[in-house]
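Q: Take a look at the following structure, please.
Nothing in this text is a laboratory measurement; each read-out follows from the coordinates by a stated rule. What you see is a predicted model, and the numbers here were worked out from it, not measured in a lab. Positions of Cβ are backbone-derived with ideal geometry, glycine not excepted, and every protein chain shown enters the neighbour counts.
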Amino acid sequence: MFLRIDKLQIELPQSPEPDPQAAANVQELLGGRFGEMSTLMNYMYQSFNFRNRDSLRPYYELIANIATEELGHIELVSASINSLLNGPRREFDDTANPADSPFGSLPPGYNPHHFIATGQATLVGNSLGQPWRGDYVYSSGNLILDLLHNFFLENGARTNKLRVYEMTKNPAAREMLGYLFVRGGVHALAYAKALETLTGVDMKKMLPIPKIPNAFFAEARKFEAQGSHRKLYRFSPNDYRDVVKIWNGNHPEDNRPLEFVDGPPAGGDLAQLAGIASSFAPEYQPEEILEMANKLYQHATS
């Protein structure tokens, strides 16, 4: 079971204008092979299928707890994509006439599925519009192999994020990327530490992959200044306390103590997505939807 909180994990700036090309590129980080859908579902199914859970509980809890954080990462990447597709618009946009081909002059590099399939919103797919695939999930049943795969997956995801960072200067994308550089680094380090306890191999010496520190990027540097690179959050009121048996000691970069934090990060508010007439979202004539919503409120309060 999951406790859902109606916040993003961080405050996310709005895109100063619609940027469908950046949205198409960021979409890879959601539904690509190394996207957040993949990290979530890999760790989720490994936690579902975990064997000897009671005797190996710290490893089970590590995987299960990180899986829960990945739910928030999916929401954060989706919010970034939606901001890039919609820009700073707050009011219903009823200026486009469907007969005038309002989507006929979109800039090169956009993802057609954003405009055809989802009403200018995020989708469960990659930058080419291809759907996310279940065979991206690796759950072998062998603990060391699964942890090794997770270490590889986090670093593959970081590589893709760095490349997408190089494709855009849009603040709605770069703020999200800076945060996920740091949080992905926490997960890679956690899996490295878990592997070290099982095998004696110091995987930490490989990090970071690629070999460019998060502190190089201003958007990540501010989150490191807050200590986010040393914090593993516990996403449960009562469970997953044994993760501290793995997540302990000092961080290999600044030699400061690792922290296991009860509860999620403070987070930031979700942006309001305004309606768009040309996408028929939520409908072409929003007054009808608003009238129905008002009736619901009146019924609830009567």
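Q: Per residue, what volume in Å³ does the convex hull of the Cα atoms of segment 184-302 enclose?
A: Convex hull of Cα atoms, per residue: 199 Å³.
Q: Give the dimensionless ratio obtained when the Cα radius of gyration of the chain is divided by 2.2 N^0.38 Å.
A: With N residues counted in the chain, Rg over 2.2 N^0.38 Å equals 1.08.
Q: Near the amide H of residue 270, under 5 Å away, which other amide H atoms are found, from residues 5 or more places off or on another chain, if H is placed in the peptide plane?
A: 8
Q: May I pose another question? Excluding residues on the same chain fewer than 8 positions from residue 193, give the aspartates and glutamates whose Cα lies under 13 Å from its Cα.
A: Candidates past the 8-residue exclusion: 202.
Q: Please state the relative contact order of segment 20-301 as a whole percent: Cα pairs under 8 Å, 6+ residues apart?
A: Relative contact order, segment 20-301: 24 percent.
Q: Scan segment 30-132 for GluC sites (Glu not before Pro) in coil per DSSP, keeping those whose Cβ has at most 14 other Cβ atoms within 10 Å, and list them by number.
A: Those satisfying the criteria are 91.
Q: Figure the gain on full extension for residue 226 and residue 199 (residue separation times 0.36 nm, minus the Cα-Cα span) and round it to one decimal in nm.
A: Going from the current span to full extension adds 6.5 nm.
Q: How far is it, in nm, from the label point at residue 288 to the one at residue 53 when both lie 7 Å from their Cα along the line to the Cβ?
A: My value for the distance between the label points is 4.8 nm.
Q: Using only alpha carbons, build the gyration tensor for segment 164-246 and give me the equivalent ellipsoid semi-axes, biggest first, whole Å.
A: 26, 17, 10
Q: What lysines does residue 169 reach when the alpha-carbon gap must be under 22 Å and sequence neighbours fewer than 8 apart in one chain are set aside?
A: 161, 211, 222
Q: Return the single residue from 90, 57, 133 with maximal mean-square fluctuation; model: Gaussian network over the chain, springs between Cα atoms under 10 Å.
A: Result for the chain, Cα springs under 10 Å: 90 fluctuates most.
Q: Still on this model: Using each residue's phi in segment 124-137, evaluate 6.51 cos²θ - 1.76 cosθ + 1.60 at θ = phi - 60° and report the 3J(HN,Hα) Karplus result to the nearest Hz, with x for Gly and Pro.
A: Each residue of segment 124-137 in turn: 8, x, 9, 5, 9, x, 6, x, 4, 10, x, 7, 6, 7 Hz.
Q: Next question. Using a Förster distance of 41 Å, how high is the FRET efficiency between residue 302 and residue 272, based on the Cβ-Cβ distance and rounded to 0.05?
A: 0.95
Q: At a 10 Å Cβ-Cβ cut-off, how would you order 93, 135, 269, fewest neighbours first?
A: Lowest to highest Cβ neighbour count: 135, 269, 93.
Q: Divide by every residue of the chain the summed helix terms, -39500 (n - 2.57) for each DSSP H run of at least 4, and state the resulting mean residue ellipticity at 222 nm, rounded to the nearest 500 deg cm²/dmol.
A: When only DSSP H runs of four or more count, the value is -15000 deg cm²/dmol.
Q: Another question about this same structure. Which of the trypsin sites (Lys or Arg not before Pro) across segment 20-53 are loop residues per DSSP, with 13 or fewer other Cβ within 10 Å?
A: 51, 53
Q: Suppose we keep just the DSSP beta bridges with both residues in the chain; what percent of those would be antiparallel, to 5?
A: If we restrict to bridges inside the chain, about 50 percent are antiparallel.
Q: How do 11-20, 189-198 rank on mean C-beta neighbours within 10 Å, highest first?
A: 189-198, 11-20
Q: Distance in nm between label sites at residue 262 and residue 241, each 7 Å beyond Cα in the beta-carbon direction?
A: Distance between label points: 0.9 nm.
Q: Taking amide H positions as placed 1.01 Å from N in the peptide plane, with prolines and chain starts having none, which residues 5 or more places from residue 231, or on another chain, fall under 5 Å of its amide H?
A: Amide H neighbours of residue 231: 259.
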